[in-house]
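Working notes, beginning with the structure itself.
The values are calculated or read from the model by the stated rules, or taken from the named source; none is laboratory data. Here the structure is a predicted model, which means the values were calculated and not measured. Note that each Cβ is placed from the backbone with ideal geometry, even for glycine, and that neighbours are counted across all protein chains shown.
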């Protein structure tokens, strides 16, 4: 995937993740939201989300769904 698509994908992901922040903070988890995830480029040159240990499955699922939903259509 070219760099422009990767940059646009990451930006869309980060924008949608902001909506998840209030839900996350309502759970009063010990790990600050900004430290609960990371987005890394994998060997296939696609973004993948790395999640902190101890996150509830619902939050993990939401992160993964956002990553998939924001992926450029011609890459799905």
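Summary of computed values
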{"read-out": "Residues satisfying the stated conditions in the range 36-56, i.e. under 21 Å from residue 23 (Cβ atoms) and more than 12 Å from the chain's Cα centre (by Cα)", "value": "53, 54, 55, 56"}
{"read-out": "Count of residues meeting criterion [surrounded by 12 or more Cβ atoms within 10 Å (Cβ to Cβ), more than 13 Å from the chain's Cα centre (by Cα) and either assigned to a loop (DSSP other than H, G, I, E, B) or at pLDDT 95 or above (or both)] in the range 57-76", "value": "1"}
{"read-out": "Every residue from the range 23-50 that is under 23 Å from residue 5 (Cα atoms) and in contact (Cβ under 8 Å) with a residue 12 or more places away in the chain", "value": "37, 38, 39, 41, 45, 46, 47, 48, 49, 50"}
{"read-out": "Total residues in the range 51-75, condition over 25 Å from residue 7 (Cα atoms) and without any contact (Cβ under 8 Å) to a residue 24 or more places away in the chain", "value": "3"}
{"read-out": "Output for the range 9-42, where each listed residue is under 13 Å from residue 63 (Cβ atoms), in a helix (DSSP H, G or I) and touching a helix residue (DSSP H, G or I) at 6+ places or on another chain (Cβ under 7 Å)", "value": "13, 16, 17, 20, 21, 24, 33"}
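Rundown of residues vs (1) in contact with a strand residue (DSSP E or B) (Cβ under 6 Å, 6 or more places away or on another chain); (2) more than 27 Å from residue 73 (Cα to Cα); (3) surrounded by fewer than 12 Cβ atoms within 10 Å (Cβ to Cβ), yes/no style:
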residue	(1), (2), (3)
3	no, no, yes
12	no, no, no
15	no, no, yes
24	no, yes, no
28	no, yes, yes
33	no, yes, no
40	yes, no, yes
43	no, no, yes
48	yes, no, no
